[in-house]
Structure formats: structure tokens, C-alpha cells
Amino acid sequence: MLSPILLRLLGVVSLLIVAARDGLDQPRQTAGDGFTLRSWEESFALANATVAQLTLDEKIGLVTGVGQFSSRCVGNVSPVARLGIPGFCLNDGPAGVRPTKGVTGFPPGIAVASTFSRRLMRARGVALGEEFRGKGINMHLGPAMDLMRNPQAGRGWESFGPDPYLNGEAAFETVTGVQSVGVMACAKHFIANNQEHWRYGLIANVDDRTLHEMYYYPFLRSIEANVSAVMCAYNQFNGTSSCHNANLIGPKGLLRTDGFQGFIVSDWGATHDSASDNANAGLDMEQPGDYILIGGGTFAGVLGIGSLESDVGSGAVTLARMNQMVTNILTPWYRLGQDSGYPPVNFNAQESDGSGSLNLNVSVRSDNHTALAREIAGASAVLLKNKPGTLPLKAAAIKSVAIIGLDAIIPNLDCGDLNECDDGTMIIGWGSGSNSLDFTVPPITALNETFAGTGTVVTTSLSNDLTAGPAAAKGKQLAIVLVNAMSGELGFYQSVNGNEGDRNDMEIWFSGSTLVEDVAAVCANTIVVVHSVGPVHMPWTTNPNITAIIYAGAPGEQTGPGLVDVLFGAVNPSGRLPFSIADDESSYNTTIVTDPGFPLGFPVIDYTETLFLDYRYMDAHDITPRYEYGFGLSYTTFAYSGLSIAASGTSQVISFTVKNNGTVAGTEIPQLYLGYPPAAGEPPKVLRGFDEVPLAAGASQVVEMTVDQRGMSVWDTPSQSWVRPKGTFLVYVGASSRDIRLNGSF
Ligand code: BGC
């Protein structure tokens, strides 16, 4: 038995760990991985003292990327060895370390959004942080928190869907998790980076209220989580480049006014103006250091024209500003204790296959991370349809099954560092937000293992061949059809299956919908699994031969096991749609602008839809989607009762009881939506709370959700503040944005 003294000591240590993991500023406390978490104040003082010892060359080295082909990581700056400052390693991506080996391919942002679980959002952040730290990376280039303004947006899956509140909560939990193990997190892409076509210069025009309530809100939550850096985006915002936009990134700009204390780093090549323009506007670090595609290289000087050094020399950039840039960079580094005992970089992104002497091939995988990736894959799967008696499956009761679709098999993983593979199952989109997928377990492997030894006859047609698929299904007791759609980053204008980043439309790829319908025509028990980066057109959902549908999204490397867990009932589905599924783009109130218009150049995109995205728009215009925001079935049922609403200071505390009134254990995801007084001009309902409530059959629990003053405010442009409108607020509590079970008001 442990002695009482030891027990007390352990208690103190775990309290300290919890404090650090909550992202609170608790000076001088040791967190889980043995680093010293400092306060911002102390870190700022240390950074200032260090800056006083640096030469101008050293300062410039710390704010300038070393060049994209010289970087051992995706981005590096020059070290100052004499003072123990490393050449900071900044690395992709938001869903796991890339491009390198020995890492976990975690599910992307949209998958963890689909869990509606703060617990899993935080746990994923911690696990990501552990792998980045294990590779010696100082900064995780994530999370991405660009709203899915349009369902076809190429990088929508990197973030957390179209709703600002869900994005904000997921950003907060991810940043807190990553930084809890001493790795700096970077909120990106600031701001209005919402489509891939023309992203290198499009002009997004966003009004002030929309900016604050929608696109900026997740960044604000990141600041509240003590985020270390913010990445300014490629595009222009209201006519000025994001990285040259003092209103956004300057000392008196939006971020700093709200208390941001870290540094601003450019997206790779997102600097389109001179060194002094960018530095004086508020840019602290330029990456990757040289010119790429359409920008970059301003600090080092492009083709010998201008440079930060000459601008400091001429006084165009003051020494005070130069010092401030370095201080901003060193402050979060000190805050997370990276000045002491931080692991050195042990890989080389330039040789992503693990070759060469700089790759020490350290595996940062662990059983816990694999288990977490599998748990998120299962918890993000959304059960859209389940004819009674269909799911969960019992393998031994199935005499014959046909498994159909290209989406069942592992893709060719050797298709470049950006995962532009479209010849197998869809695990994650492509681009810098993708991950290394060496350890993928595809659906076919997991399904074959499950059926092995059960006596079930398994027939396969592992392509989207419209003759072979139905032929395999004919006469079978069960057919499982897997189909997909994918999108990704524009990058160097690569296109995958004819899509330049953004999806061309909402159709399932490779005639997937026809395959589903043709299989269902010959098999009265057809289960459909959809792997997709976002909403897809599913015209066949009401087909009576389609007995179950699982929207499995983009599940990461443990896709097969996660799916099998849900299909066979080891996991009772609790995933909820983090977007609505409607039939076409027009139901969403925005378009992807593919035509720059006249005169040729970059298009101007006016965000005239303001606050009305996705369910916020569909509710206001009586558009009935096929499946609404927040929707997802379970193998059990839940009853809601006892709504109570009470004021507590300036907050409102909303509580109610959820009961599992079915026969198996399950997890309910209750959601809270607010209806503002009409004069406020808000959408009919806005998400303001969610929770994850695991319940045994017959069990019930009281759930409490608090809406604070900001949560019932609008952004008031004239006063530049959050103002709570006068009047009555409606409270909607339910199982989705349209399945409201309890109504109240305050
Ligand atoms: C992306 C960023 C990424 C960076 C480095 C850019 O193209 O927009 O999200 O972190 O590249 O790979």
C-alpha cells in the first residue's frame, strides 16, 4: 500500500498536471511530460532579456524561414546556438505529423467535430502533441479552424465544419491538448481562407459583425486557450493581404486587442508585399523563407530586391519593432518550457521515406494512440438510417455477404507526400493537412477478420464496376457497399480526379451513387457506408432495399476497425453530423468561385450570406435537408425531460434530464440552440452547447449547460463590443438542430 505522504504527493502532482492541461497560466508548475509551464509575464521577461543579447543577424535569423528546400521540418528558422535557441521546427499537419514515418494517422478535424465530444477533442490534441514532441517539433501547424463556408470547400475537412461555436470549442480543446505536453500550437488560417480556387490572392469581403461572430470566433477561443501562434492566410481580407493587414495582426489589431501574446507566422508564401509592409503590419515570422508560387521571400529579399535587414538599416522597420518580433516568437517558447530539455528534431521532411542520415526513424506511435484513433473513427461515424433489425450485425447470423466498392480497399499509399490517392478507401483529404498513412487498416481487412471463422460466405467486388458489384450482391443475404468523395488543398495546382482542391460538385465519386442503386436493386438488405470529406448527394436514402446507412466521414488510419466496431455493435454510434446533408450546393447559400470574372485577376468574394450558413440558412428559409446539422441515430433511444433555466450572474444555466429508455447502453449528444429576440437579426437557432452523455440502459443523468454573456450577445459594430440584445431568448434542447425535445425561454 502507498504511504499517506506518498499519496498526498501524488495528489499534488496530478493536480498540477490538471492545472497545466487546462491551459491556465499556472507559473512554475511541472506538467505531464516534465516541462515547466511559465506565466506569459515571466516568459515575456525572459524573451526580452534574451533579445537584448542578440545581434541583428541573429534576430533576422529567428524571424526568417531558412528556405523550403533547406528545411529539415516543413518550416525552420536559424538557431542561435550560443544561447541555446534551436532552429525552431514548425511542422504539419493538423491531423498528425507529416511527411515522415512512424506516426499515427489521426482522424482529421471534421471527424473529431463529428464526435461532439470535448473529451475526444482534448485527447486527440494531447496525442498529437505527444507525437510532435516525440519527433522534436517545436510547433504543430494546427489546428485549422476555417469554417466550412461551402460544402465543397477543398480543405473544409481540416477544420470543424460550418458552425462557429463547434469550431471554437474544438479549437480550444485541441490547442489546450497540444500545448499540455509542451508543444506550441498554431491557429490557422487567419482569415477568411474558405476556398481553394484562387486562394493565393482572392479578396474576401467580410463585414465586421460576420467576422466576429463567424470566422474570427474560433481564433478568439484559441487565444483563450493560450495559443502560441496564428498563421496569416494567403488571401486578402477586405482588400489587404492577411499577412499585411494591421487591423488583423497589428499591435492594435484584432488578435492583440483580444490578448494574443504569441507570434504571427505567414502561411507558406503568403507574403505579397515588401518586408517593411509585412513586418510593420504585424507579421513576426515569414515562412518558408523563400519565394514560392506567388509570394514569400520578402524578409530574406527576393532576387536581391529589398530585405528585412536593409529595411531595419534604413529605419523603415524600427529596431523596436524588430525586437518585438523576436520577443513575440520567444515568449511562447519560454512559456512552454522549451528552453530546457526539449527533444531535438530526429527526422528530415526532405526525405519523407525515412532515408538519409538525418532520419533517425524514431517511432512515436503507441498502443494508446492507435486505440484513440480507433475510438474517434467509431465515435465520429454517423448512423443515418437503420431499418429495425438491421444493425448492429451479428456475424454468425449472416450466411452470405457481398462487400462491394473501391472504397473498401487500401489506396496506393505511395502517391506523394500529400496523399493524392484516390484508388482506395477515403481516409483523409489530400494536401498539407493530410497525414502519413503507413499503418492504415482498410475496411476490407477489418471486415474479413470479423467474418473469419463464422461460416459466413464472403463475396467481394472491390471496384466500382457497375456490372461486377450487382453480380456479387445478387442472391446474398447482405450487401455492404462502400463509396466515397474526397477533396484537398490546391497546393501546386494538383488535381485529383479532376478536382482542383475544392470538389467540383457534391456527387459521390466514381459513379458511387449508381453503384449503390444498382446493388440495392438486386439485394433487399443493402447497407451503405459513405466515406467523405463533407456533405454528398445521396438520392437513394429512402430506397427500401437500403436498410442502413453509415456516414463514416474521414476516419483516419483506423478506418476499418472503427467501422467494424459500429457495424457489429461493439460501439453504439454517437456521431452527429457537423454539417447538414442537403442535395445540392444551392441549399447552402454560398458558392465556390471558380471564375475570376472580368478583368482577369483574383476574384472578389463578398460574404453576403453573413451569419446564415448551413442549418442557420436552411432554418431561416424552410429548406429541409436530407439530414440536418447535429443528426445521428443510436442503437438505443433517449428521452429528455425537466428543462430548467436559471440565471447565475450574467450567465444562464440550462439543465435537463436525459434518460436512456432503450435496451442497450449508448451515448447521447444533447445539443442546446438559442433563438435570439427577432430584432437581433440572428438565424432562428444557433448552437450554444453540446455534451456527451454515456448512459447504461435505463439510466438517466442531469445535464447542465451554461451560456455566458458573450454566448447570448451579438457583435455590435458601432461600440466594437459584444452586446446582449434586449428581449426574450428561446431555448431549444434536443438531439439535433431539428429534433428539439425541450423548449423554454428566458
Ligand atoms: C498550407 C498550410 C501549411 C503550410 C506548410 C500551406 O500551403 O496552407 O496549412 O501549414 O503550407 O505546409
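Mind listing just one residue for me: the one in the range 81-95 that is crowded, with 24+ Cβ neighbours inside 10 Å, in a loop (DSSP other than H, G, I, E, B) and not aromatic (Phe, Trp, Tyr) and, of those, farthest from the ligand (Cβ to nearest atom)?
In this case the residue turns out to be ALA95.
So GLY630 clears everything in (1) crowded, with 24+ Cβ neighbours inside 10 Å; (2) touching a helix residue (DSSP H, G or I) at 6+ places or on another chain (Cβ under 6 Å); (3) not charged (D, E, K, R) except one condition, right? Which one?
Checking GLY630 against (1) crowded, with 24+ Cβ neighbours inside 10 Å; (2) touching a helix residue (DSSP H, G or I) at 6+ places or on another chain (Cβ under 6 Å); (3) not charged (D, E, K, R), the one that fails is (2).
Provide a single number: the residues in the range 594-627 that are of a type in the set (A, V, I, L, M), within 21 Å of GLY501 (Cα to Cα) and surrounded by fewer than 21 Cβ atoms within 10 Å (Cβ to Cβ).
2
Taking the range 70-80 on its own, how many of its residues are open to solvent by 10 Å² or more (accessible area, probe 1.4 Å) and within 13 Å of the ligand (Cβ to nearest atom)? Quick ask: steps written out before the conclusion?
Residues of the range 70-80 open to solvent by 10 Å² or more (accessible area, probe 1.4 Å): 70, 72, 74, 76, 78-79.
Now restrict to residues that are within 13 Å of the ligand (Cβ to nearest atom): 74, 76.
Residues in the range 70-80 being open to solvent by 10 Å² or more (accessible area, probe 1.4 Å) and within 13 Å of the ligand (Cβ to nearest atom): 2 in total.
For the range 650-704, list the strands (runs of 3 or more DSSP E) that sit wholly inside it and hold at least 2 residues that are open to solvent by 20 Å² or more (accessible area, probe 1.4 Å); which are they?
Values: elements: 651-660, 666-668, 671-675, 686-690, 693-695.
Qualifying strands (runs of 3 or more DSSP E): 651-660.
Mind checking whether some residue in the range 192-212 is surrounded by fewer than 24 Cβ atoms within 10 Å (Cβ to Cβ), more than 16 Å from the chain's Cα centre (by Cα) and among the acidic types (Asp, Glu)?
Taking every residue of the range 192-212 in turn, at least one turns out to be surrounded by fewer than 24 Cβ atoms within 10 Å (Cβ to Cβ), more than 16 Å from the chain's Cα centre (by Cα) and among the acidic types (Asp, Glu).
Going residue by residue through the range 197-206, is there one that turns out to be touching a residue at least 24 places away in the same chain (Cβ under 8 Å), of a type in the set (Val, Ile, Thr) and within 16 Å of the ligand (Cβ to nearest atom)?
Within the range 197-206, the first condition is being touching a residue at least 24 places away in the same chain (Cβ under 8 Å), and the residues that meet it are 197-206.
From what is left, the residues that are of a type in the set (Val, Ile, Thr) are 203, 206.
In the following step, the residues that additionally are within 16 Å of the ligand (Cβ to nearest atom) were identified as none.
Taking every residue of the range 197-206 in turn, none turns out to be touching a residue at least 24 places away in the same chain (Cβ under 8 Å), of a type in the set (Val, Ile, Thr) and within 16 Å of the ligand (Cβ to nearest atom).
Suppose we filter the range 209-250 for residues that are of a type in the set (A, V, I, L, M, F, W, C), more than 18 Å from HIS272 (Cα to Cα), within 16 Å of the ligand (Cβ to nearest atom) and part of a helix (DSSP H, G or I); how many remain?
First pass over the range 209-250, keeping only residues of a type in the set (A, V, I, L, M, F, W, C): 211, 214, 219-220, 223, 225, 227, 229-233, 237, 243, 246, 248-249.
Cutting the leftovers down to more than 18 Å from HIS272 (Cα to Cα) gives us 211, 214, 219-220, 223, 225, 227, 229.
When the remaining residues are screened for being within 16 Å of the ligand (Cβ to nearest atom), the result is 219, 227, 229.
Remaining after also requiring part of a helix (DSSP H, G or I): 219.
Looking only at that region, the number is 1.
Could you identify the single residue in GLY512, GLY501, GLY560, GLY553 that is modelled with pLDDT of 95 or more and either under 30 Å from GLY201 (Cβ atoms) or within 16 Å of the ligand (Cβ to nearest atom) (or both)?
Values: GLY512 fails: either under 30 Å from GLY201 (Cβ atoms) or within 16 Å of the ligand (Cβ to nearest atom) (or both); GLY560 fails: either under 30 Å from GLY201 (Cβ atoms) or within 16 Å of the ligand (Cβ to nearest atom) (or both); GLY553 fails: either under 30 Å from GLY201 (Cβ atoms) or within 16 Å of the ligand (Cβ to nearest atom) (or both).
Testing whether each residue is modelled with pLDDT of 95 or more and either under 30 Å from GLY201 (Cβ atoms) or within 16 Å of the ligand (Cβ to nearest atom) (or both) leaves just GLY501.
Does GLN53 meet the test of being open to solvent by 20 Å² or more (accessible area, probe 1.4 Å) and within 16 Å of the ligand (Cβ to nearest atom)? Quick ask: steps written out before the conclusion?
Details: open to solvent by 20 Å² or more (accessible area, probe 1.4 Å): yes; within 16 Å of the ligand (Cβ to nearest atom): no.
Taking the combined requirement at face value, the residue does not satisfy it.
Here are some conditions: (1) surrounded by fewer than 22 Cβ atoms within 10 Å (Cβ to Cβ); (2) within 16 Å of the ligand (Cβ to nearest atom). GLY488 meets all but one. Which one does it not meet?
With (1) surrounded by fewer than 22 Cβ atoms within 10 Å (Cβ to Cβ); (2) within 16 Å of the ligand (Cβ to nearest atom) applied to GLY488, the lone miss is (1).
Please work out which residue is surrounded by the most Cβ atoms within 10 Å (Cβ to Cβ), limiting yourself to the range 705-720 and to residues that are out of contact with any Asp or Glu (no Cβ under 7 Å at 6 or more places or on another chain) and part of a strand (DSSP E or B). Write out each step before concluding.
Taking the range 705-720 first, the residues out of contact with any Asp or Glu (no Cβ under 7 Å at 6 or more places or on another chain) are 706-713, 716, 718-720.
So of that shortlist, the ones also part of a strand (DSSP E or B) come out as 706-707, 716.
On the way: THR706: 14, VAL707: 20, ASP716: 15.
The qualifying residue surrounded by the most Cβ atoms within 10 Å (Cβ to Cβ) is VAL707.
Restricting to the range 548-599, count the residues that are of a type in the set (Phe, Trp, Tyr), touching a residue at least 24 places away in the same chain (Cβ under 8 Å) and more than 25 Å from GLU169 (Cα to Cα).
Residues of the range 548-599 that are of a type in the set (Phe, Trp, Tyr), as a first pass: 551, 568, 579, 588, 598.
Then drop every residue that is not touching a residue at least 24 places away in the same chain (Cβ under 8 Å), which leaves 551, 568, 579, 588.
Keeping just the survivors that are more than 25 Å from GLU169 (Cα to Cα) gives 568.
So the answer is 1.
Looking at the range 491-527 only, could you name the residues that are of a type in the set (A, V, I, L, M, F, W, C) and either under 29 Å from the mean Cα position of the chain (by Cα) or open to solvent by less than 10 Å² (accessible area, probe 1.4 Å) (or both)? Please lay out each step first, then the result.
Taking the range 491-527 first, the residues of a type in the set (A, V, I, L, M, F, W, C) are 492, 496, 506, 508-510, 515-516, 519-524, 527.
Matches in the range 491-527: PHE492, VAL496, MET506, ILE508, TRP509, PHE510, LEU515, VAL516, VAL519, ALA520, CYS523, ILE527.
Name the one entry in THR459, THR425, THR440 that is open to solvent by 10 Å² or more (accessible area, probe 1.4 Å), under 27 Å from ASN545 (Cα atoms) and modelled with pLDDT of 95 or more. Give the derivation first.
Values: THR425 fails: open to solvent by 10 Å² or more (accessible area, probe 1.4 Å); THR440 fails: under 27 Å from ASN545 (Cα atoms).
Within the list THR459, THR425, THR440, the selection yields THR459.
For the structure I just gave you, tell me whether VAL533 is within 16 Å of the ligand (Cβ to nearest atom) and in contact (Cβ under 8 Å) with a residue 12 or more places away in the chain.
Working: within 16 Å of the ligand (Cβ to nearest atom): yes; in contact (Cβ under 8 Å) with a residue 12 or more places away in the chain: yes.
Answer is yes for this residue.
Quick check: anything in the range 570-579 crowded, with 24+ Cβ neighbours inside 10 Å, in contact with a Pro (Cβ under 6 Å, 6 or more places away or on another chain) and either at pLDDT below 95 or part of a loop (DSSP other than H, G, I, E, B) (or both)?
Looking for residues that are crowded, with 24+ Cβ neighbours inside 10 Å, in contact with a Pro (Cβ under 6 Å, 6 or more places away or on another chain) and either at pLDDT below 95 or part of a loop (DSSP other than H, G, I, E, B) (or both), one finds at least one in the range 570-579, hence yes.
Take ARG133 and tell me if it is open to solvent by 10 Å² or more (accessible area, probe 1.4 Å), more than 15 Å from the ligand (Cβ to nearest atom), part of a loop (DSSP other than H, G, I, E, B) and at negative phi.
Details: open to solvent by 10 Å² or more (accessible area, probe 1.4 Å): yes; more than 15 Å from the ligand (Cβ to nearest atom): yes; part of a loop (DSSP other than H, G, I, E, B): no; at negative phi: yes.
When the stated conditions are applied, ARG133 does not pass them.
Filter the range 397-453 down to residues that are polar (S, T, N, Q) and within 16 Å of the ligand (Cβ to nearest atom) and give me whichever is farthest from GLY501 (Cα to Cα).
Within the range 397-453, the subset polar (S, T, N, Q) is 400, 412, 419, 425, 432, 434-436, 440, 445, 448, 450.
Of the ones still in play, those that are also within 16 Å of the ligand (Cβ to nearest atom) are 419, 432, 434-436.
Values: ASN419: 12, SER432: 12, SER434: 13, ASN435: 16, SER436: 19 Å.
Among those residues, the one meeting the criterion is SER436.
Being open to solvent by less than 10 Å² (accessible area, probe 1.4 Å) and either more than 22 Å from the chain's Cα centre (by Cα) or of a type in the set (Ser, Thr, Tyr) (or both) narrows it down to one residue among ILE410, ILE403, ILE376; which is it? Can you show your working first?
On the way: ILE410 fails: open to solvent by less than 10 Å² (accessible area, probe 1.4 Å); ILE376 fails: either more than 22 Å from the chain's Cα centre (by Cα) or of a type in the set (Ser, Thr, Tyr) (or both).
Matching residue, one of ILE410, ILE403, ILE376: ILE403.
Applying the selection to the range 136-165, what residues are within 14 Å of the ligand (Cβ to nearest atom) and among the basic types (Lys, Arg)?
ARG155 - this is the single residue of the range 136-165 that is within 14 Å of the ligand (Cβ to nearest atom) and among the basic types (Lys, Arg).
The values are calculated or read from the model by the stated rules, or taken from the named source; none is laboratory data. Remember, predicted model here, so these are calculated numbers, not experimental data. Heads up, the Cβs are rebuilt from the backbone with ideal geometry, glycines too, and the neighbour counts pull from every protein chain shown. For the accessible areas, the whole protein counts, side chains as well, though only heavy atoms, and no ligand, DNA or RNA atoms are used. Shrake-Rupley method; radii C 1.70, N 1.55, O 1.52, S 1.80 Å.
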